[in-house]
1. Answer yes or no as to whether residue 66 is surrounded by 10 or more Cβ atoms within 10 Å (Cβ to Cβ) and modelled with pLDDT under 85.
2. Output the residue which, of all residues in the stretch 41-57 that are surrounded by fewer than 13 Cβ atoms within 10 Å (Cβ to Cβ) and part of a loop (DSSP other than H, G, I, E, B), is nearest to the chain's Cα centre (by Cα).
3. On the given criteria, is residue 73 under 13 Å from the mean Cα position of the chain (by Cα), without any contact (Cβ under 8 Å) to a residue 40 or more places away in the chain and not in a helix (DSSP H, G or I)?
4. Would you tally the residues in the stretch 30-40 being more than 11 Å from residue 70 (Cβ to Cβ) and either touching a strand residue (DSSP E or B) at 6+ places or on another chain (Cβ under 6 Å) or surrounded by 10 or more Cβ atoms within 10 Å (Cβ to Cβ) (or both)?
5. Residue 60 - would you say it is surrounded by 10 or more Cβ atoms within 10 Å (Cβ to Cβ), farther than 16 Å from residue 25 by Cβ and modelled with pLDDT of 95 or more?
6. Hey, any hits in the stretch 31-40 for a residue that's more than 11 Å from the chain's Cα centre (by Cα) and at pLDDT below 75?
């Protein structure tokens, strides 16, 4: 297991859906009737799309890696946005 993934595994249910207290996890994984895996957006239920490709028909390993990658990207994006907003507020307050 790659460093940093152990914590992510503990924060999800057996179904692959993120635990309720995991605010940054917008993507989960689920097994389909044909035994393939899908990475999906947990709020809409729609399959995630990466580079125009629906994240369906995956192996469990592919789904897990994709889900973790998408959630890590989401965390990074939210942090960068927070830094930007803090800097913007500081500039407004200084004038």
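The values are calculated or read from the model by the stated rules, or taken from the named source; none is laboratory data. Remember, predicted model here, so these are calculated numbers, not experimental data. Cβ: placed from backbone, ideal geometry, glycine included. Neighbour counts: every protein chain shown.
1. Values: surrounded by 10 or more Cβ atoms within 10 Å (Cβ to Cβ): yes; modelled with pLDDT under 85: no.
For residue 66, the condition - surrounded by 10 or more Cβ atoms within 10 Å (Cβ to Cβ) and modelled with pLDDT under 85 - is not met.
2. 43
3. Numbers: under 13 Å from the mean Cα position of the chain (by Cα): yes; without any contact (Cβ under 8 Å) to a residue 40 or more places away in the chain: yes; not in a helix (DSSP H, G or I): no.
Criteria not met by residue 73.
4. Adding up the residues that qualify gives 6.
5. Yes; evaluated as a whole, the condition is true for this residue.
6. So far as the stretch 31-40 goes, no, none of its residues is more than 11 Å from the chain's Cα centre (by Cα) and at pLDDT below 75.
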